[in-house]
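S.K.: Take this structure first; my questions come after.
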Amino acid sequence: MTTQRALLLDRDGVININHGYVHRTEDCQFIPGIFELCREASRKNYLIIIVTNQSGIARNYYPREQFHVFSRWIEHQFWLRGIIIQHTYHCPHHPKESGGFGGFCTCRKPKPGMLFKAQKDFKLDLSRSIMVGDSLSDMQCARIAGLKEAVLFKEHSTAKYVPRLAKRGKKPYYLANDLAAIAALL
């Protein structure tokens, strides 16, 4: 029986500033509001799970082991603030690369493979879960997987174009430029 709900977070662009293929602690800058959002989600009994495309592995920008070291460091930074990240799921593939992580896969967003794996591993009710991402592929992934809500987060957008949190027109997702404001959906 699937009863647990989750806050599913993309990594680069939601948890940390996306400088492009971030994989070292010295390059990581956390986005303001991420710890507050996750603390509130934990308080409301959401599991917090990271789901991230990491094509830098397929492109040989960094090895998979470095990704795991960096992921453990990020999870530890949350733990130091009293927040538990249940797991970090990642897709190391890229469709245009060759080699071990090139070509077709079922995990690279917008495909919902990582979300379905999390659903199985943690007995998630995806229809009661929320996804926060910074790209349309994140929003498509959430829709395909049947999530309750999805939020397209754009930190550097101005309030004139992207409000703190709002649903625009017939778009099947919210727009936000303030992570803390997303707590209203929990």
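The values are calculated or read from the model by the stated rules, or taken from the named source; none is laboratory data. Keep in mind it's a predicted model, so treat the numbers as computed, not measured. Note: ideal-geometry Cβ built from the backbone for every residue, glycine included; neighbour counts use all protein chains shown.
S.K.: So for region 94-104 (the condition being of a type outside the set (S, T, N, Q), touching a Pro at 6+ places or on another chain (Cβ under 8 Å) and closer than 23 Å to Q29 by Cα), does at least one residue qualify?
M.R.: no
S.K.: Then there's this: So, G20, is that one assigned to a loop (DSSP other than H, G, I, E, B), surrounded by fewer than 15 Cβ atoms within 10 Å (Cβ to Cβ) and without any contact (Cβ under 8 Å) to a residue 12 or more places away in the chain or not?
M.R.: Yes, satisfied.
S.K.: How many of the residues in region 43-67 are surrounded by fewer than 17 Cβ atoms within 10 Å (Cβ to Cβ) and either under 24 Å from A142 (Cβ atoms) or in contact (Cβ under 8 Å) with a residue 60 or more places away in the chain (or both)?
M.R.: Of the residues in that region, 3 qualify.
S.K.: Only one residue in F30, F70, F35 is in contact (Cβ under 8 Å) with a residue 24 or more places away in the chain, farther than 12 Å from V132 by Cβ, aromatic (F, W, Y) and buried (at least 21 other Cβ atoms within 10 Å of the Cβ). Which one?
M.R.: Result of the check over F30, F70, F35: F70.
S.K.: List the pairs whose first member sits in region 161-186 and is within 14 Å of A150 (Cβ to Cβ) and surrounded by fewer than 14 Cβ atoms within 10 Å (Cβ to Cβ), whose second member is at pLDDT 90 or above and of a type in the set (A, V, I, L, M, F, W, C), and whose Cβ atoms are under 8 Å apart, counting only residues at least 6 apart or on separate chains?
M.R.: P172/M139; P172/A150
S.K.: Taking region 68-92, which residues are at pLDDT 95 or above, assigned to a loop (DSSP other than H, G, I, E, B) and out of contact with any strand residue (DSSP E or B) (no Cβ under 8 Å at 6 or more places or on another chain)?
M.R.: Keep residues of region 68-92 that are at pLDDT 95 or above, which gives 68-90.
Applying the additional criterion that residues be assigned to a loop (DSSP other than H, G, I, E, B) yields 81-84.
Answer for region 68-92, where residues must be at pLDDT 95 or above, assigned to a loop (DSSP other than H, G, I, E, B) and out of contact with any strand residue (DSSP E or B) (no Cβ under 8 Å at 6 or more places or on another chain): R81, G82.
S.K.: In region 32-67, which residues are of a type in the set (K, R) and part of a helix (DSSP H, G or I)?
M.R.: R39, R43, R64
S.K.: Same structure, new question: With the requirement that a residue be modelled with pLDDT of 70 or more and outside any loop (DSSP other than H, G, I, E, B), what does region 93-114 give you?
M.R.: H94, G113, M114
S.K.: Could you grab me the full set of residues in region 108-153 that are over 17 Å from A6 (Cβ atoms) and of a type in the set (A, V, I, L, M, F, W, C)?
M.R.: Of all residues in region 108-153, those over 17 Å from A6 (Cβ atoms) come to 108, 110-111, 134-137, 140, 152.
L136, L152 - these are the residues of region 108-153 that are over 17 Å from A6 (Cβ atoms) and of a type in the set (A, V, I, L, M, F, W, C).
S.K.: Identify the single condition in (1) at positive phi; (2) at pLDDT 95 or above that R43 does not satisfy, given that it satisfies every other one.
M.R.: (1)
S.K.: Let me ask something else. Does Y21 meet the test of being in contact with a His (Cβ under 6 Å, 6 or more places away or on another chain), farther than 18 Å from A180 by Cβ, at pLDDT below 95 and not hydrophobic (A, V, I, L, M, F, W, C)?
M.R.: no
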